[in-house]
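Trainee: Handing you a structure now.
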Amino acid sequence: MSISPVKSVCVFCGASVGNDPAFVETARDLGARLAANDMKLIFGAGHVGMMGTVADAVLAGGGQAIGVIPGFLRERDQAHQGLTELHVVDSMHTRKRMMFDLSDAFIVLPGGLGTLEEVFEMITWRQLGRHEKPIVLINTNNYWAPFQDLVDRVVDCDFAHGEVEKYFRIAANPEAAMRILSGEY
Ligand code: AMP
């Protein structure tokens, strides 16, 4: 039983599975842990790639999966038909806002450019003082090392304050991410 104040977690991740089974295994592990810790999944509603894997694992574990998808992406991302709730919205902007509002924290798995856009936006919203929700990147196969290097470079070159380094955490695996969300740093 979780004592974490985090009751719902937005997961950003790829609409593909990547080229190593370790990626999809991480998605499955995270989904199982979200369900076991009674944390709702908030996600982009796709039944493809890492997204679909996380959602299926949450549902298989008896958890709740809430998808938010713009109408135009319903087909491309194959909106999951078995979700606890499916919200079809008018635009990417509405989707992002709704996913943000429904979530207490963000977990980021390996993914593509869409995932990068989403995580950077949540970090920049934090930089702008719009929220203080935890943002945790799960570092399967050291996937996020170049991301950390890029942020370090931005700070080194004085394009951002060193404080931005505190706005996200990199966790080795879903277990470590759940510990961070529970307040065990
Ligand atoms: P990707 O990481 O590129 O596989 O994209 C993962 C998911 O992120 C996609 O299926 C979309 O639902 C979403 N996505 C893609 N592009 C964007 C974007 N510009 N802003 C927000 N979400 C996006």
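Trainee: Nearest 500 deg cm²/dmol is fine: what mean residue ellipticity at 222 nm does the chain get from its DSSP H runs of n ≥ 4 alone, each adding -39,500 (n - 2.57), divided by its residue count?
Mentor: Calculated at 222 nm, the ellipticity per residue is -12500 deg cm²/dmol.
Trainee: Between the alpha-carbon centers of the range 76-119 and the range 120-185, tell me the distance in whole angstrom.
Mentor: 19
Trainee: Within a 10 angstrom radius of the beta carbon, how do Phe12, Phe147 rank from fewest other beta carbons to most?
Mentor: Phe147, Phe12
Trainee: I've got another one for you. Mind listing which trypsin sites (Lys or Arg not before Pro) in the range 19-119 are in a DSSP loop and have 12 or fewer other Cβ atoms within 10 Å?
Mentor: Within the range 19-119, the qualifying trypsin sites (Lys or Arg not before Pro) (loop, at most 12 other Cβ atoms within 10 Å) are Arg76.
Trainee: To the nearest µm²/s, what D does Stokes-Einstein give for the range 80-185 at 37 °C and 0.692 mPa s, using the Kirkwood radius over alpha carbon pairs as Rh?
Mentor: D, rounded to a whole number, is 218 µm²/s.
Trainee: Let me ask something else. With a length cut of 24 Å (Cα positions projected on each helix's long axis) and a Kyte-Doolittle mean of at least -1.0, go through the chain and give me the DSSP H helices that pass.
Mentor: none
Trainee: Over the alpha-carbon set of the range 1-145, work out the extent along each principal axis and list the three values in angstrom, largest first.
Mentor: Reported extents, whole Å, longest axis first: 36, 33, 32.
Trainee: Looking at the range 16-86, I'd like the Rg to Rh ratio, where Rg is from alpha-carbon atoms and Rh is Kirkwood's inverse mean 1/r.
Mentor: 0.97
Trainee: With bins 10 Å wide starting at 0, give me the P(r) of the range 139-185 over every alpha carbon pair, in whole percents.
Mentor: Result returned by the calculation: 25, 44, 28, 3.
Trainee: Determine the equivalent ellipsoid of the range 95-134 by diagonalising the alpha-carbon gyration tensor, then write out the semi-axes as square roots of 5 times the eigenvalues, largest first, rounded to whole Å.
Mentor: 16, 12, 10
Throughout, read-outs are computed from the coordinates displayed, never taken from laboratory work. All figures in this text were calculated on a predicted structure; none of them were measured in a lab. Note that we place each Cβ from the backbone using ideal geometry, even for glycine, and neighbour counts take in every protein chain shown.
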